[in-house]
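Novice: Once you've had a glance at the structure underneath, I'll fire off some questions.
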Amino acid sequence: MTADSPADAGWFAGLDPEDGEALAASIADGSAPEPADWPARAVEAGFASDDEEYYDRLEAATTAATREAVERAERADDRQLVHAVRTMDDCTRTANELAERLAEWAGTIDPDAGAGVDYARELAGEEGRVDHPRVRSLAERIDALADEAEALREYVERETPTVAPNLAALAGPVLAARLISLAGGLENLAKKPSGTVQVLGAEDALFAHLRGHASSPKHGIIYTHDAVRGTHPDERGSASRALAGKLAIAARVDHYSGERKPELEAELEERIETIQVRTADGEDDGNGGDGE
């Protein structure tokens, strides 16, 4: 249904009531200049025999349209990136936790037992080192999980620059993917102010601050960026604001235009250098140059 449809037409005009795909498309794409008595018009047009049947078909069409919209959103490149980086982190965390358990167990039967994923890999690759089928099986599973985490990291590093080229260039592919994941997608990240980007990943600390139990967090996951981690603790707040400001801009450019803007990297590098060489007298402009 469009604004120039005949006055007596509705979203159902000219459609086969049994053609679910066409009905869903009409619901998703149609519009009307003003409300009308659509059930009565549907009956008049022969689309439905009565109001009840009209609403049944409307419900089926809207459900199908919503399902298609959700599936389309989940197939989007940024959503695939979100799933990949979350799975990578899950594999890494699980492998590390199981490696701790393996070290405890294997230590009871292997005099040269080590620790961590590296030990699990050694155990999985050396026939006869430990004559215990379940311990060996656990080591092999840890080895496989670690391999999967590495493969997912390679995927994230390869795909992030195609999904968010400016964000990946500024933050690095993995951190960029984690920011997109924490925000719930590139579009959501692009809509966030730099102050919110700055503390993504520090939600627990932020809520504690809002309850009056802790000071305000200076940064969230962006702490892992060299621009923040490599800056003196007294200046990390300024570095975080500068980085978050540029990341917020990069996310907007990536989402709305996709145009590569290498000047963002140069501007950030210049700003971070200024912060890192600042003298101990505490000179600060208070906003990191790009805060909102």
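Novice: Name the long-range amide H neighbours of residue 48: under 5 Å, sequence gap of 5 or more, or other chain; modelled H, no Pro or chain starts.
Specialist: Amide H neighbours of residue 48: 43.
Novice: What FRET efficiency would be calculated for the residue pair residue 162, residue 28, taking the C-beta separation as r and a Förster radius of 30 Å, to the nearest 0.05? The partial results should precede the final answer.
Specialist: Working: r = 27 Å, r/R0 = 0.91.
Efficiency for this residue pair is about 0.65.
Novice: With r as the distance between the Cβ atoms of residue 70 and residue 36 and R0 = 22 Å, compute the FRET efficiency 1/(1 + (r/R0)^6) and round to 0.05.
Specialist: Numbers: r = 28 Å, r/R0 = 1.29.
With a Förster radius of 22 Å, E is 0.15.
Novice: Modelling each spin label as a point 7 Å along the Cα-to-Cβ direction, I'd like the residue 278/residue 49 distance in nm, to one decimal.
Specialist: So the two model labels end up 7.6 nm from each other.
FYI, it's all coordinate maths here, none of it is from the lab. Source: prediction; values computed, not measured. As a convention, Cβ positions derive from the backbone with ideal geometry for all residues, glycine included, and neighbour counts pool all protein chains shown.
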